[in-house]
Amino acid sequence: MANEPVHSDPAATTPHAAAHEHHHPTWQTYVKVGAVLTAITVAEVWAYYIPSLVASRIFVPMLLIMSAVKFITVVMFYMHLKYDHKLFRVLFTGPLFIAALTLLALMFLFGQLAAKLGR
Amino acid sequence: MSAPAAHHYTSTGLDSRKIAIWAFIGSECMLFVSLISTYLIYKGKSLVGPYPHEAYTSPTGQTFPPILDIPVTSASTFVLLMSSLAMVLALAAVQNKEVPKHTTGDRILGSSKLWLWMTALLGTTFLGFQAYEFTAFVNEGLTIRTNLFGSSFFTLTGFHGAHVTAGVIWLVSLLAIDYRRGLGPNDALNVDLAALYWHFVDVVWIVIFTLVYLIQ
C-alpha cells in the first residue's frame, strides 16, 4: 500500500463522471503537505515575534499571502479539489468569491463611513 | 464487511450527497466571512479594554495586559492542522481497506480506526485549548459583553468551536460504525463527506488565526 495511489471514491461518481477525475495523492504527499503547512505556520508565528517586521509595511501582506497559501494547499490537496470534478470547484469558489467581495465592500463602506464621521 | 452504499447519481453523473456537501461548504464560507467581516469592522473600536494586542489601563488604575496568548493558539493551530492530516489518512485507509497489507507500516497506514481516533482526539484537544483560552479571558476580565472586541471575538471563535464540536461528533459516529461492522471502500463517500467538512473547519481556522491572532 505504501506507494499505491489512493483512488478516487468509486461511490461518488458514475464511470462517465469518473473519467474527468484523477487519482488522489499518496500518503507521502499528504505527509509532505502537512510538513509544508507546519513550516508556514512556524514562519507566521516567527514573524509575529520580530518587532521590526511587525512594524514594517510588508508584515500584513506577508501574513495574508502565507495564510492564503495554507488555505489553497488544504483545499487543493486535503479536500481533493485539485483532483475532483470541476463542479465541486465551482460550488466552492463561487460562494467564496461572493463572500470575499462582500468582505471587501463592507470594509470599504465602514472605512469610508468611519472617516466621514471622523471616527 | 459493509453492505454496498446506495448511489444517488444526478444528471451530472456525480453523487448528490457530494454535491450537497460542497454547496453546504459554500454557504458556510458566507457565514464565516460575515462573522470575520464583523470582527474586522469592529477591530480597534472598543472603548474599554482588555484589548487583543495592546495593554490597557482602566480609569480606576487597573492594568490589563494584551489578552491574546499567541503561543497557546499556535499550538492549537498546529493540532488542528495535524487533525486534517489524520483525517485524510483515515479516508485513504477506508478507500484502500481491501488492498493487502504486508508490513507493519502498511497496517498502521491502513487502519481507519487509528486515524479516525487520532482525528477525533486532536479535534477534542483543539476544543480543550479553546475552553482554556475562553476561561482565561473571562478570568482576565474579557467576556462577550465587555467590549466590541469581546463580542465579535467570542461570536466568531465560538461559532468555529461549535463547528469543530459537530465535526468531532460526526467522527465519533463514523468510529462507532467502524467498530460495529467495519468501514470499507463502499463507505468511502460517507467518510469523504465528513473529511470535507473537517478540512473546511481547518481552513476557516487558518484564516481566523491570521486575521484575529497575528495581524495587530
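A short reminder: the numbers here are calculations on the coordinates, not readings from a lab. All values derive from a computational prediction rather than experimental measurement. Cβ placement follows ideal geometry from the backbone for every residue including glycine, while neighbour counts extend to all protein chains displayed.
Taking B:ALA92, B:ALA176, B:ALA194 as the candidate residues, the one with maximal mean-square fluctuation in a Gaussian network model of chain B, Cα springs under 10 Å, is B:ALA176.
Ignoring the sites themselves, chain B has its longest run without trypsin sites (Lys or Arg not before Pro) in a DSSP loop having at most 13 other Cβ atoms within 10 Å at B:46-144. For the range B:82-150 versus the range B:191-214, the inter-centroid distance based on Cα atoms is 11 Å.
Mean per-residue shielding of peptide A:78-88 is 6, counting Cβ atoms of other chains within 10 Å of each Cβ.
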